[in-house]
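The values are calculated or read from the model by the stated rules, or taken from the named source; none is laboratory data. Computed from a predicted model, the values in this text were never measured in an experiment. Here the Cβ positions follow ideal geometry from the backbone for every residue, glycine too, while neighbour counts run over all protein chains shown. Ligands, DNA and RNA are excluded from the accessible area calculation, which covers all protein heavy atoms including side chains. Shrake-Rupley method; radii C 1.70, N 1.55, O 1.52, S 1.80 Å.
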Amino acid sequence: MRIAIHPFRTKNWQSGFLWLMSSVLFFGIESSLIAESHQTDELNSAPLEWIPDNDTIGSFFPLIRKPDVGNILVGVQKIETDFLIYPSLIQGLGSNDVGLDRHKLGRERVVRWKRHVSRLFLLETNWKFRANSDSQAERDATRRAFAESVLGGFDIVEESDGLLWIDITPFLLSDLFGITADLKGAGQGDYRLDSGRSAVEMDWTRSFPDNTEFSVMLTFSGTNPGREARSVTPDPNSITMAVRQSWIRLPELGEYQPRVYDPRSGYFNIEFQDYAASLNEDLVQRWICRHRLEKVDPSAEVSPVKDPIIYYLDPGVPEPIRSALLDGARWWAEAFEAAGFENAYRVEILPEGADPLDVRYNVINWTHRQTRGWSYGSTVIDPRTGEILKGHVLLGSLRVRQDMLIAQAWINAFESGESEDPRPMQMALARLRQLSAHEVGHTLGIRHNFAASSQDRASVMDYPHPLVAFKADGELDFSQACDVGIGEWDKRAILYGYSEFQNVAAEKEELSKILKDTESQGWRYLTDQHARDVDGIGPNSSLWDNGSDPVDELNRLIDFRSRALKNFDAKRIRPGAPFSKLETTLVPLYYGHRYQLEAVARMIGGLEFDYAVRGESKEPDIRIIPLEQQRRALATALKTASPDFLEIPENIMRLVPPNAPGYSAGREGFPNRTGTGLDLITIAESAAAHTYQCLISPKRINRILEQKARFQDMYSVGEYLKAILENTSDNKANTPLQKEIARSGQKQALLQMLRVVSDPQLSPQGQGWILAALDEIEQRIQDELFDKKPDPDSRAHLQLMADWLKKRRTNPESFQVPSSPDMPPG
């Protein structure tokens with residue numbers, strides 16, 4: 001059976017074991033022991049070397065197990081030959097916040113053995129600095145200019161027939177993954193590896209022709225465990241996890257042809273400094289990350305391949321999720337077919353007995369955690385070339401439940417009692433298909449493309465928000481909730497990354513043509529570095545947004561949210577559920593505008609741009625968003641901080657009691673300071689705070705300032721801040737409740753200004769504008785307090801803001817800006 005990774009050269013170790021017949025006493029292995037037999041299969045096993053009177057396995061690195069003491073001996077033959085090692089987690093911690101997930105991969109390292117007299121050292125080589133030259137002297141000069149890292153030192157316990165035997169056990173029982181650092185970094189306490197409660201897992205340590213797999217049980221003892229550690233472990237002072245170390249034979253250099261990286265291509269890349277580069281070339285070289293894929297006939301426009309890329313799905317995935325994940329992952333076959341590869345890509349269930357952490361298998365893993373969280377597309381890469389040796393997807397299993405919850409918030413999913421409306425599950429499974437394709441795309445080497453949602457969903461590598469709308473009869477239309485199939489931009493990306501060419505010169509020319517054609521067809525690409533910040537600059541590079549016009553889509557969502565809130569009732573939860581469960585159902589509806597709001601805010605002080613390359617594409621088309629569009633964006637964004645938008649209808653307030661015994665909303669619930677079911681004022685504060693955090697941010701203020709300096713018809717910072725502050729007035733509040741919501745919004749706008757004025761990213765001139773605005777606010781508050789004699793509620797509100805401003809003015813270094821209530825996770 002073919003496997004996903006290009007086959008490496010196999011070494012027969014049989015002759016290396018003959019000496020063991022005469023060495024039994026030296027190793028202290030009792031003669032009554034018989035070599036353990038392991039079941040083999042075509043995918044995941046190699047024939048075992050049978051050594052009488054010894055418990056022995058053989059292949060890439062021959063192993064001797066010493067069952068009397070639980071140690072592992074490794075036979076080393078090739079010195080000064082690169083191979084790859086990386087750790088992974090057989091067993092996870094179960095906390096999304098800490099990130100130590102089942103089957104998570106650690107950092108790969110290129111290593112080699114180095115001998116000094118009677119000792120072997122495991123040396124991590126430094127491929128960040130190299131000389132790609134035929135001259136050994138050039139290569140040596142570069143290698144010796146930069147430090148390397150010794151990961152372990154070992155006594156040679158026996159040397160025979162060219163094999164150097166060392167006890168590798170102490171190295172296996174080390175924290176190569178960095179679990180202690182991850183726990184500490186996540187604020188979960190100070191842990192240390194307890195070697196007395198750690199051991200090699202003999203049954204899961206095995207060697208194959210091109211990889212050797214070591215499995216260990218590691219126990220970490222700690223003090224002051226954090227909340228996450230306490231919530232997912234039986235005893236947080238003792239965390240035990242199963243960990244893997246994989247040792248991989250690397251391909252011979254020259255077998256795989258690296259491909260030059262282009263920032264328009266959409267690929268992940270490796271980079272290094274090449275000290276053999278000529279003076280008219282860049283010192284820093286970049287190559288894309290991709291699998292090896294070779295046609296049987298490279299000259300044919302369409303050809304079968306030598307070794308297809310095969311992905312395997314975790315057999316622990318239940319139906320109907322299993323079928324959805326298989327369907328979505330298989331979408332990529334269309335892209336490879338469009339690139340001229342016949343039967344080059346397929347997805348199957350991982351066969352029984354195959355190891356999902358084995359480098360030979362690209363695997364889609366189903367990952368359980370205590371709470372919902374991210375999914376990941378990770379890879380094992382040859383750091384020397386960028387070749388992907390293993391694609392490895394981690395899909396969070398609770399995501400599908402959250403997508404169902406989102407849909408259930410929109411409709412009376414339980415109108416007929418226990419008979420649930422099928423649409424929430426259908427939407428959630430449709431989203432899973434998309435998610436499966438998305439994460440597999442990362443493991444094929446492809447980055448996010450957050451511009452795709454502005455181009456009619458041109459890529460599965462975007463984060464798309466479900467697109468649901470009311471029909472004329474008032475029913476919800478789910479037919480367009482999630483897109484189906486691979487996108488047109490995705491096909492262009494595969495064409496760039498995987499197409500084969502006759503020679504290097506042809507490759508350069510053809511790759512340039514592919515990118516120019518992609519550009520001429522109008523496909524855009526914007527990725528993470530311009531999408532993650534709340535004060536990002538590109539309206540078309542947002543996460544979880546929809547449509548080519550962000551403002552139109554936010555207005556649509558505002559109307560959609562209003563109608564859905566009016567229809568919200570107890571039929572959103574199943575019969576038998578306590579009414580308090582309505583809270584977590586309401587959350588995604590109430591905050592459903594949050595990401596489209598971010599896209600709209602990016603228009604203010606925003607730019608339109610692309611990743612142009614001189615001589616290879618058109619000139620950079622950097623366009624400032626026109627003032628009229630920025631004004632329209634601000635007016636629409638401010639709707640999300642208005643009292644009528646933030647108010648929750650009274651019928652819902654009466655419907656949701658405090659949490660029932662045995663139930664807790666936890667992190668998925670609304671912020672609450674009252675102890676009642678719904679704390680409306682605090683909920684409104686959290687949403688208003690998000691609006692003002694989007695609108696009043698250091699980089700946005702700086703950009704508005706610069707745009708005004710360049711073009712006098714743009715916003716001034718003063719005009720912009722005045723428009724925001726005027727919106728916080730309670731003049732449009734029609735009821736005492738709306739007036740209180742307006743007051744809470746005023747506080748959140750002021751708090752955000754107090755945060756920003758001390759932010760080191762704010763320019764000095766921007767700081768001056770904010771200080772001027774704060775002085776004006778303080779003066780207005782004093783005027784209202786002493787001249788207008790406000791009502792008691794308004795006086796309390798004004799007095800608190802005056803106190804904040806006085807403390808900020810008189811002792812700014814010690815003044816701590818009060819925190820705002822957080823929204824639940826998005």
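For segment 504-642, the ratio of Cα radius of gyration to the globular rule of thumb 2.2 N^0.38 Å stands at 1.44. In segment 215-255, the C-alpha radius of gyration followed by the widest Cα-Cα span (Dmax) gives 17.4, 51 angstrom.
Can you pick out the pairs among Lys78/Lys104; Lys104/Lys128; Lys491/Lys618; Lys66/Lys306 whose Cα atoms lie more than 32 Å from each other?
Result: Lys66/Lys306 exceed 32 Å.
Out of every Cα-Cα pair that segment 189-261 contains, those further apart than 18 angstrom amount to 58 percent.
Peptide packing for 89-98, 208-217, 653-662 was compared via the average number of neighbouring C-beta atoms within 10 Å per residue; ordered from the highest value, the list is 208-217, 89-98, 653-662. Put simply, the C-alpha atoms of segment 663-708 give a gyration tensor, and the ellipsoid matching it has half-axes of 34, 10, 5 Å, longest first.
Once fully extended, how much extra length lies between Gln799 and Lys78, figured as 0.36 nm per residue of separation less the alpha-carbon to alpha-carbon distance?
Gain on stretching Gln799 to Lys78: 251.9 nm.
Computed extension gain for Glu148 through Met653, at 0.36 nm per residue and net of the alpha carbon distance, reaches 175.5 nm. Label-to-label distance for Thr810 and Asp517 is 7.2 nm, based on points extended 7 Å past Cα in the beta-carbon direction. Dividing the convex hull volume of the alpha-carbon atoms in segment 441-560 by its residue count gives 125 Å³ per residue.
Considering helices alone, the calculated mean residue ellipticity of the chain at 222 nm is -10000 deg cm²/dmol, with DSSP H runs of length four and up weighted by -39500 (n - 2.57) and normalised per residue. A full extension of the chain between Phe501 and Glu334 corresponds to an added length of 58.1 nm, given 0.36 nm per residue minus the alpha carbon distance.
Taking the Cα centre of segment 555-682 as the origin, how large is its charge dipole in debye, to the nearest 20, when only Lys and Arg (+1) and Asp and Glu (-1) carry charge on their Cβ atoms? Using Cβ point charges on Lys, Arg, Asp and Glu, segment 555-682 gives about 380 debye. Taken along its three principal axes, the alpha carbon spread of segment 122-262 comes to 57, 47, 26 Å, from the longest extent down to the shortest.
A crude spin-label estimate for the pair Gln529 and Gln712, with each label 7 Å from Cα along the Cβ direction, gives 3.6 nm.
Each of the peptides 405-411, 253-259, 334-340 was scored by the mean count of other Cβ atoms within 10 Å over its residues; in descending order, highest first, they stand as 405-411, 334-340, 253-259. Accessible surface area normalised per residue over the chain is 43 Å², counting heavy atoms of protein chains with a 1.4 Å rolling probe.
Identify the residues of segment 587-617 with backbone N under 18 Å of a label point that sits 7 angstrom from the Cα of Glu420 along the Cα-to-Cβ direction, or state none. Answer for this model: 587-589. A Förster distance of 41 Å, applied to the separation of the beta-carbon atoms of Ala469 and Ala772, puts the FRET efficiency at 0.40.
Computed from point charges on the beta carbon alone (+1 for Lys and Arg, -1 for Asp and Glu), the dipole magnitude for the chain about its Cα centre is near 1880 Debye. Look at the dipole of the chain built from charges on Cβ: of Asn269, Leu250, Gly497, the Cα furthest out on the positive end belongs to Asn269. For the chain, with all protein chains in place and a probe radius of 1.4 Å, 50% of the accessible heavy-atom surface sits on carbon or sulfur. With each label modelled as a point 7 angstrom along the Cα→C-beta vector, the Glu158-Val284 pair spans 5.1 nm. Note on segment 91-163: Cα-Cα pairs beyond 22 Å make up 52% of the total pair count. Computed from the Kirkwood radius of its Cα pairs, the Stokes-Einstein diffusion coefficient for segment 309-393 at 4 °C and 1.567 mPa s stands at 92 µm²/s.
Binning the C-alpha pair distances of segment 535-617 at 5 Å intervals from 0 yields a P(r) profile of 3, 14, 18, 15, 12, 11, 9, 6, 5, 3, 2, 1, 1, 0 %, listed from the shortest bin outward. For the chain, the Kirkwood estimate of hydrodynamic radius, built from reciprocal distances between every pair of different alpha carbons, is 30.3 Å. Dividing the convex hull volume of the Cα atoms of segment 166-216 by its residue count, what figure in Å³ per residue is obtained? Taking only Cα atoms, segment 166-216 has a hull volume of 103 Å³ per residue. A dipole drawn for the chain from +1 and -1 charges on Cβ atoms has a positive end, and of Gln799, Tyr525, Val117 the residue lying farthest that way is Gln799. Counting only Cα atoms, segment 132-180 measures 40, 38, 14 Å along its principal axes, largest extent leading.
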